[in-house]
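Data block below; observations after.
The values are calculated or read from the model by the stated rules, or taken from the named source; none is laboratory data. A quick note: this is a predicted structure, and the numbers were derived from the prediction, not measured. With ideal geometry, Cβ positions are generated from the backbone for all residues, glycine too; neighbour counts draw on all protein chains shown.
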Amino acid sequence: MGNTQKLKRIIATDCGSTTTKSILIEYVDGEYRQTVRGEAPTTVEKPLNDVTRGVVNAVTELEELARLKYNDNSIKFIKDETIWLSEKDGEGVDAYVSTSSAGGGLQMMVTGVVAKMTGESAERAALGAGAIVMDLIASNDKRANYEKIERIRQLRPDMILMAGGVDGGTTKHVAELAELVGAADPKPRLGSSYKLPVIYAGNIAAQDIIKETLGNKTDLIITENLRPILERENLGPARDKIHDLFMEHVMAQAPGYNKLMSWTKGPINGKLVNIPIMPTPAAVGNIMQTIAKINNIEVLGVDIGGATTDVFSVFTEDKVFNRTVSANLGMSYSISNVLATAGLKNILRWVPFDIDESELLNMIKNKMIRPTTIPQKLEELVLEQAIAKEALRYAFIQHKEFAVGLKGGQKKREIADAFAQSVSGASIVNMMSLDLLVGSGGVMSHAPRRNQSVMMLIDAFQPEGITRLAVDSIFMMPQLGVLAEISEKAATEVFEKDCLIYLGSCVAPVGTMKPGKTALIAKLELPNGEVFEESIPFGEVRLMPCGVGEITKATLKPGKGLDIGAGKNQEISCELHGGVVGIVLDTRGRRPFSLPVETSERVPLLKKWMKEFDVYPEEIL
C-alpha cells in the first residue's frame, strides 16, 4: 500500500464549493499525526478561474503555521507556484493528495429497467462513487417517453450510468432506454466541446444494440454488468469507470483542474505516481470502509451540511458499503425543505419551552437567506438543534430504505418476471449490531457543548444496544479517504488520533414497558474507583463520567421483555469506552420512541432529559 517509510510529510487538500481546506500530516515519534491546518477561499469561479490559486493560498497558510510551530523559517511547501514534492529528506513534502466537490461536485443520471432492482443497483454504484443522483429513469417509472426525454435533456448531467437486465436476459427494455437517451441527445453540464460520457453496465447481450444506438452520439464506455444475476451485485467496475470519467471529463473542464491533477502525487510501491483527485463524498466513503475493514466493525456516519445531508454505512460481515444523499435536507440553503418534510409539530416536539410558531418560521427563513449566520441567542441554538434532529432523522430513514438486501430469490427467472415488483429487499441497517456512530458537519462538529452533539446523535439515530459515539473534529475525513489510497496506516492513525473526537458510549435496551418499571439494572465500575449501581426506570436518561481513553467495566441486565444485544432479558458483562462526554444509559426503549403530544407533559420530560444530558444552561431549563 505504498512506501510508508518514505512518507514523512504529507499535504492533503479538499477543494470545497466555498472553501479549500488543507492539512499537514507528519510522521512524529513513530506515528502519523495531523499537525497544522489551513484554509482559503476556493477560486474555481471568476475572476480567478483557477482552482490552484486557492490551493496555493491554503498551503501557504500551512507553510506559515508550520514555520511558527517549529520556529524554523527554512520550512517550504510552495516552490515556483506549485506544491514542492522533493526526493530529498527534509525538503518540501513526500506526497500531495486532494479531493474536490467544487463546481457542484459530480452530478449524474442513472437508468435501469426495474426502478427497485437494476435502477436501485445503478443508484448505489453512482452514490458510492461520490455522485449526486439527479434522477433515475426506469422503464416502469410510469412517466411517458416524451417526459423522460425532456427530463434527460433538461438536467444536463456530467454523465449517465445505464444499467438493466441480467446477463443473457431480454434486451427489449434496455434497447428502449438507449433509444430514449439517444433521442434526448443530452449535453454535458461543463464544456460543450465534448460528448456526454455514458457508462453502460447492463445485460451483456445488449452491448451491440447500445453501441449501435449511442456509439456516435455519446462518449460510450462499456463495462461489466452491475447486476449479472438477480442475487448478486457487481458495483466495483462501474464505480471505477465513474471515477476515471470524473477525472478525464468533469475535472478536466473545471478551471485549473488539469494543473492540479499534475500536482497530486505520492509513492506507491516505491515509485512517485499521480494520485487521482477524488470526489469529496467518495473519499469520506473510502475512509469509512477502511476503518470498518481494519477494525472489523460496523460503522454509520453522517455529514450534515448547508444544502445536503450525506449518510454513509458499512454493515454485515461482508462490510457492504452504502451512501445516500438527501439533497433536500440541510441546515442553511435547504432548511425550509426540512420544515416542509418534517412539519412544524415534529420540530417543535424537541423544543423545551413554549414558542410562537411565527418566531420559528422567521428564524428558518432568515437562516435560508443568510446561510453563513450562526445562532446569536440560546433559544435560537435550541431551535437549530431541534431542526438538525429532524433533518438527520429523515436522512437516516431515506438511507435505511436504500441500504437493502437484493430483491430476487434463489429461483431462476427473467427480468420480465419481476417487472411489476416495486418492493426491494429488507434493510441491512441493524442498529443493534452497530459499533460506531460518527457525526460531522457544522451543527454537529461545532456545537458549543459536545453534550449537544451526543443528544442530537442519540435523538436522531436512536441507537440500540451498545454503540460508541464520535464526531469529526474539523471535517478532515475527505482528505484521509484519499490518503488511504497511498497509506492506510497514515490515514487510520490520523483518523483515530486527530480526526475523531470520541464522545463516549450509549447503552440503550430496546423494547416497551409501562413507565416506572425497571428497564435496566446497571452496575458500572468507573475509572475513578467508584461503583455506580442503579435500577433505572423505563423512559429515563443517565450520564456517567468516563473520560477519553478510559474504560468502564459494566454488568447490564435489561428489564422484562427488553433486549440489550444478547436477546430479550439476557444480562451482559462488557467494557464501555468513555469519551469527552461519558457514558449514556438511555432507557427510553421502543424505537422510534414517541414523545407525548400534550405540551404540558412533553416539556417537563424534555427538560428532565436535557438536564441529565447537561446540554443547556439552567436558565433555559
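Which residue, of I199, I242, is of a type in the set (A, V, I, L, M), assigned to a helix (DSSP H, G or I) and touching a residue at least 24 places away in the same chain (Cβ under 8 Å)? Selected residue: I242, the only one of I199, I242 that is of a type in the set (A, V, I, L, M), assigned to a helix (DSSP H, G or I) and touching a residue at least 24 places away in the same chain (Cβ under 8 Å). In region 237-250, what residues are more than 10 Å from D158 (Cα to Cα), of a type in the set (A, V, I, L, M, F, W, C) and modelled with pLDDT under 85? Residue satisfying the conditions is M247 alone. For region 93-113, the tally of residues that are at pLDDT 90 or above and not in a strand (DSSP E or B) stands at 2. In the set (1) of a type outside the set (A, V, I, L, M, F, W, C); (2) touching a strand residue (DSSP E or B) at 6+ places or on another chain (Cβ under 6 Å); (3) assigned by TED's automatic domain parsing to the domain that holds E179, the condition left unmet by D141 is number (2). Could you check, for region 472-485, whether at least one of its residues is modelled with pLDDT of 90 or more, buried (at least 22 other Cβ atoms within 10 Å of the Cβ) and over 19 Å from the mean Cα position of the chain (by Cα)? Looking through region 472-485, none of the residues is modelled with pLDDT of 90 or more, buried (at least 22 other Cβ atoms within 10 Å of the Cβ) and over 19 Å from the mean Cα position of the chain (by Cα). Please verify whether region 446-466 includes one or more residues that are of a type in the set (S, T, N, Q), farther than 12 Å from V584 by Cβ and under 14 Å from the mean Cα position of the chain (by Cα). Scanning region 446-466, I find no residue that is of a type in the set (S, T, N, Q), farther than 12 Å from V584 by Cβ and under 14 Å from the mean Cα position of the chain (by Cα), so the answer is no.
Among residues of region 593-611 that are farther than 17 Å from E390 by Cβ, those with a beta-carbon under 6 Å from a residue that is assigned to a helix (DSSP H, G or I) at least six positions away or on a different chain give the pairs P596/R602. Looking only at residues of region 297-338 that are assigned to a loop (DSSP other than H, G, I, E, B) and among the aliphatic types (A, V, I, L, M), we find that the one that is modelled with the lowest pLDDT is A327. For the condition farther than 18 Å from S427 by Cβ, among the hydroxyl-bearing types (S, T, Y) and touching a residue at least 12 places away in the same chain (Cβ under 8 Å), S336 qualifies. Selection of region 522-570 for residues being in contact (Cβ under 8 Å) with a residue 40 or more places away in the chain and surrounded by fewer than 16 Cβ atoms within 10 Å (Cβ to Cβ) yields P527, V548, K560, G561, K568. Scanning region 323-334 for residues that are surrounded by fewer than 22 Cβ atoms within 10 Å (Cβ to Cβ) and in contact with a Gly (Cβ under 9 Å, 6 or more places away or on another chain) returns S332, Y333. Just one of the listed residues (K46, K69, K21, K76) is closer than 22 Å to E496 by Cα and either at pLDDT 90 or above or assigned to a loop (DSSP other than H, G, I, E, B) (or both), namely K21.
For first residues located in region 61-88 and within 13 Å of I10 (Cα to Cα) and among the aromatic types (F, W, Y), partners that are assigned to a helix (DSSP H, G or I) and at pLDDT 90 or above and lie 6+ apart or on another chain with Cβ distances below 8 Å form the pairs F77/V59; F77/T60; F77/L62; F77/E63; F77/A66. Scanning region 129-169 for residues that are surrounded by 22 or more Cβ atoms within 10 Å (Cβ to Cβ), under 20 Å from A327 (Cβ atoms) and touching a residue at least 40 places away in the same chain (Cβ under 8 Å) yields A129, G130, A131, I137, I152, P157, D158, M159, I160, L161.
Against the test of being among the charged types (D, E, K, R) and in the same structural domain as K116 (by TED's automatic domain parsing), the options K271, K259, K195 yield a single qualifying residue, K195. Picking from residues in region 541-555 that are assigned to a strand (DSSP E or B) and among the charged types (D, E, K, R), the one that is farthest from V615 (Cα to Cα) is K553. None of I347, I277, I294 is farther than 29 Å from D240 by Cβ, modelled with pLDDT of 85 or more and among the aliphatic types (A, V, I, L, M) except I347. Consider region 129-153 and keep the residues that are part of a helix (DSSP H, G or I) and touching a Pro at 6+ places or on another chain (Cβ under 9 Å). The one that is nearest to N234 (Cα to Cα) is I152. Against the numbered list (1) modelled with pLDDT of 95 or more; (2) farther than 17 Å from K517 by Cα, D586 comes up short only at (2).
Checked against (1) surrounded by 15 or more Cβ atoms within 10 Å (Cβ to Cβ); (2) outside any loop (DSSP other than H, G, I, E, B), S262 meets all criteria but (1). When residues in region 214-225 are screened for being closer than 12 Å to K241 by Cα and within 27 Å of the chain's Cα centre (by Cα), 2 of them pass.
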